[in-house]
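Step one of this worksheet: look at the structure below.
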Amino acid sequence: MKKITCKLILFIVTFLGIWTYSQEKENFLNIPNILQKIVPNPGISSWILLYNDGGKDQPIITSGAKPNYTPQSSGFDLFPEEDSFYYIAYSQGGKVGYVTDLQALKIFIGKIDNVQEAAIAVAIDGYFVDEEFKDIAGNYYEDGTNYYLGLGKLTSKECPYQKKHYTLTINKSTGEISEVDDHGAYIELYNKTCTNNPRLLKLEQKKEEPKEETIKKGKRSTKK
């Protein structure tokens, strides 16, 4: 009986392990696809998401009648250091409003309805989908309770320029981050003037070593 019980437990543990692994590493497609999954707060009668690149607006998604909006000169982005931007024009109670920053975007989506909105909500804290490195900083899986997002974060613009990747656990009911796992840097870029550049430090060490050896060789014994 004990052997059967042990085998059953082993089977369950193995099955759960395989099932959990199978849930991992589903990549986000791209930023526009994430934004297209927005489900705004109740009361929004119509809205349009626009992408501005080089001063030209490109509609990404329109829900309901197109609002009579005024083109905006600034907006938000879900990836750091982008020259282009997105913004939303919406109609609510007969008035036209605009979403031009991440704080307003988080308010606009309200309750988190899907994993894409979860990724949008944490963008205000600096987390982003890195489309060039989606396997480590642009993926997700979920269970009945949580979303698990693998995202990047720009942690330094100085020497070295650095991006780290994290796994964020976000509760589906509350939308709150319950856990953040830091997996370390996946990009570190040094320039020639970085004082903490490992290559420069190694070169300095090599330059100092011969001097020490020369001093040692130049020493003469004073013993008779």
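Spin-label model, A104/R199: points 7 Å from Cα along the beta carbon direction are separated by 4.4 nm. Full extension of the chain between Q92 and D182 yields a length gain of 28.4 nm, computed as 0.36 nm times the residue separation minus the alpha carbon distance. Accessible area per residue (1.4 Å probe, heavy atoms of protein chains only) ranks K164, K192, K157 as K192, K157, K164, with the largest value leading. Over all directions, the projected convex hull of the C-alpha atoms in the stretch 73-212 averages 11.9 nm² in area.
Distance from the C-alpha centroid of the stretch 157-189 to that of the stretch 102-121: 18 Å, rounded to the whole angstrom. In the context of the full set of protein chains, the stretch 49-124 has a per residue accessible area of 51 Å² (1.4 Å probe). Stretching the chain fully between S84 and T145 yields a gain of 18.4 nm (0.36 nm per residue, less the alpha carbon separation). The length gained by stretching the chain between N27 and I60 to full extension, at 0.36 nm per residue less their Cα-Cα distance, is 9.8 nm. Each Lys and Arg contributes +1 and each Asp and Glu -1, all at the Cβ; summed about the Cα centre of the stretch 99-171, the dipole is approximately 220 debye.
Accessible surface comparison of S178, S156, probe 1.4 Å, protein chains only, largest first: the order is S178, S156. Only protein atoms count toward the accessible area here, which uses a 1.4 Å probe; on the stretch 24-151, the carbon and sulfur part of that area reaches 46 percent.
Just so you know, the Rg over Rh for the stretch 94-156 is 1.04, from Cα atoms, with Rh as the Kirkwood radius.
The values are calculated or read from the model by the stated rules, or taken from the named source; none is laboratory data. On a predicted model such as this, the values are computed, not experimentally measured, just so you know. No Cβ is skipped: glycine too gets one built from the backbone with ideal geometry, and neighbour counts run over all protein chains shown. Note: areas computed on protein heavy atoms with side chains; ligands, DNA, RNA excluded. Shrake-Rupley method; radii C 1.70, N 1.55, O 1.52, S 1.80 Å.
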